[in-house]
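The values are calculated or read from the model by the stated rules, or taken from the named source; none is laboratory data. This is a predicted model, so every value here is computed, not measured. Neighbour counts are summed over all protein chains in view; Cβ atoms, including those assigned to glycine, are modelled from backbone coordinates with ideal geometry.
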């Protein structure tokens, strides 16, 4: 069974070697494992145990227990599970892994305490509540959730008093992120969160129904907090309270749905928030004036900008994008996401040829742009560091425009290669033969594209 150890080595190597730095809309730059890695790894575990259970438990499990902690955090969380029963089964199969458990109290949970021991392998817990927390009381107070790092509370019709009880009862000293949804938070709730000693390690906080946000500025315990997300309108008074806070002025990222221009100007002021690296906006309330405020800042620490309008109500257009693209504030940017209904060809062209995007790693665009926009991206000379290009036009584009990206002479090869998924093999063959490249039936699209690149390079040297 030495082949199983060799397979594990290869899988672990892929998880580490294949990680990519990507900004997650939850708050931080994260190392993410390659696509489908977890599925492949879990399928291997099931197959190996089925073939030889003794060898699996005596040899492979100890090997994984030794090497699994060295993998990126994203790779260590193997599965999203919806019941304690499925959690128990997976902890038996892979006791070295961590899991995301989603529970609701629609059905009363009456498992004995020993059945709850697998909760010790839960790293992310999502709880959905109705008015009472009684049916989940055993889970909340069992004492096994010692590795909990991410907590999602969806309290539909749940009162804030029950929410405070849950946060008091759970062992949250290891918690890194807290997302509270569908709970109307009152003043006393915000003061409770601001003073909760168990949240001293919290790095990410999302509140979707809270007013009087300035009360968070009174916190003396949220010193580790680096990312905040809000649904309610953020006004200048809230930002000023954060700027005065010894904890919150060190924020690195913030996600907003509604913000006044005055509040935004204060947020991007490097004297008030010297470490702010990421601004995320998910709302149609943003307009070109907001982009103007960002473009005029003197900050050079911004690493991520994310704009996602609300369909036809989107107010950001090419003029706003033009102003942003010509601003030095983009010089340090690594991730740019512009998903706006009114983004057209000109806006994409401004971004593709911006002199300030030379450090960009991820570019995601969505809007009503057409084929001409993709041709402009293919001709760019400023996106040489790009690792990922994601395009979401509102109408389907001709495959020839994606072929232009695949055959670009300036985009990184990994980005060009990704464009092949939009192009049929027949079109790649036609392009190759037009350049005098010999194509055999055995060659796949990637191999043909490599020959196209070689032919283009040779032609350029003549």
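Here are a few things to note about the model shown:
- The combined condition, being within 19 Å of residue 308 (Cα to Cα), assigned to a loop (DSSP other than H, G, I, E, B) and under 25 Å from the mean Cα position of the chain (by Cα), is fulfilled by residue 343.
- Some residue of segment 17-35 being over 17 Å from the mean Cα position of the chain (by Cα) and either modelled with pLDDT under 90 or crowded, with 16+ Cβ neighbours inside 10 Å (or both): yes
- Looking across segment 244-291, the residues that are in a helix (DSSP H, G or I) and within 18 Å of residue 224 (Cβ to Cβ) come down to 248, 249, 250.
- Matching entry among 280, 272, 186, 191 (being crowded, with 18+ Cβ neighbours inside 10 Å and either assigned by TED's automatic domain parsing to the domain that holds residue 304 or modelled with pLDDT under 90 (or both)): 280
- Subset of segment 97-122 (residues that are outside any strand (DSSP E or B), in contact with a helix residue (DSSP H, G or I) (Cβ under 6 Å, 6 or more places away or on another chain) and either closer than 21 Å to residue 67 by Cα or at pLDDT 85 or above (or both)): 118, 121
- Of 148, 125, all but one fail to be crowded, with 18+ Cβ neighbours inside 10 Å, modelled with pLDDT of 90 or more and part of a loop (DSSP other than H, G, I, E, B); the exception is 148.
- Single match in 375, 396 (criterion: in a helix (DSSP H, G or I), in the same structural domain as residue 332 (by TED's automatic domain parsing) and closer than 24 Å to residue 340 by Cα): 375
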